[in-house]
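Report on the structure given below.
The values are calculated or read from the model by the stated rules, or taken from the named source; none is laboratory data. Remember, predicted model here, so these are calculated numbers, not experimental data. Counting neighbours? That spans all protein chains shown, and the Cβs are built from the backbone with ideal geometry, glycine included. Protein only, heavy atoms only, side chains kept; ligands, DNA and RNA dropped before computing areas. Shrake-Rupley method; radii C 1.70, N 1.55, O 1.52, S 1.80 Å.
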Amino acid sequence: MSTKYYANLLPKDFDNFDCLKLAPGIYLILLFVLRAYIIWIMSVTNMRDHVGIIQWIYPQTSLFYLNLVSGVIGLFIVLVLSLRRPNAATWVRTCWQKCKTLLIGALAFDLLIGVLGYFIWHLQSLSWLMVHCSLVMSAVFYILRSKRFTINLAEFPEELPEK
């Protein structure tokens, strides 16, 4: 990487392996892709009413189940993130290099589920679909334009020499 990419960064922006810390927007995008799983965990931990939270956020529970399916790619990305360390397996390194494509694919699949849910199954309103489309488009724009995420993908943690 060229030094111009690192010019505005501080030492606190790097982790223990001298890699740039992951772009904060990626965490928000993962939360968006994994929102059904987060809601599912919240509903499971609710001891009084296990499905109340799901029904409150997803009035049509079929959309909830479809969002669980679309979040599988996000779960895989979280797995790759958690295994991203020195001496990682080759498949982790390969998948990390394709993480941008995987995230865009997860967002596109999530949008496809939303569009199908609206047009075929009539699960949501037009305003919901427009907000959903704008969120997905802004997330894809962030992924494609983020210099920090590009640096993150180019780097992979390596063991540092002992001091």
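Remarks
- Residue order by solvent-accessible surface for Cys19, Cys95 is Cys95, Cys19, largest first, with ligands and nucleic acids left out and a 1.4 Å probe.
- The range 16-84: translational diffusion in µm²/s, Stokes-Einstein, Kirkwood Rh over Cα pairs, 4 °C, 1.567 mPa s: 96 µm²/s
- Ellipticity estimate at 222 nm from DSSP helix runs (n ≥ 4, -39,500 (n - 2.57)) divided over the chain, nearest 500: -20500 deg cm²/dmol
- In the list [x] -0.41, -0.49; [y] -0.46, -0.55; [z] -0.31, -0.37, the label attached to log10 I(q)/I(0) by the Debye sum over Cα atoms at q = 0.10, 0.11 Å⁻¹ as derived from the coordinates here is [y].
- For the range 81-108 versus the range 1-78, the inter-centroid distance based on Cα atoms is 15 Å.
- Residue among Leu79, Ala89, Ala154 farthest towards the positive dipole end of the chain, charges placed on Cβ: Ala154
- Largest accessible area first, the listed residues Met137, Met47 line up as Met47, Met137 when surface is computed with a 1.4 Å probe on the assembled protein chains.
- Taking the Cα centre of the range 100-159 as reference, the dipole from Cβ charges on Lys and Arg (+1) and Asp and Glu (-1) amounts to some 280 debye.
- As a fraction of the 1.4 Å probe accessible area of the chain, surface on carbon and sulfur atoms comes out at 66 percent.
- When you count the other C-beta atoms within 10 angstrom of each residue and take the mean per peptide, 79-88, 102-111 line up highest first as 102-111, 79-88.
- Where the range 1-117 is the region considered: accessible area per residue in Å², 1.4 Å probe: 58 Å²
- With the charge dipole of the chain set up from +1 on Lys and Arg Cβ and -1 on Asp and Glu Cβ about the Cα centre, the Cα lying farthest toward the positive end among the listed residues Ile104, Gly52, Leu10 is that of Leu10.
- Cα centre as origin, Lys/Arg/Asp/Glu Cβ charges: the range 1-132 dipole, Debye: 320 debye
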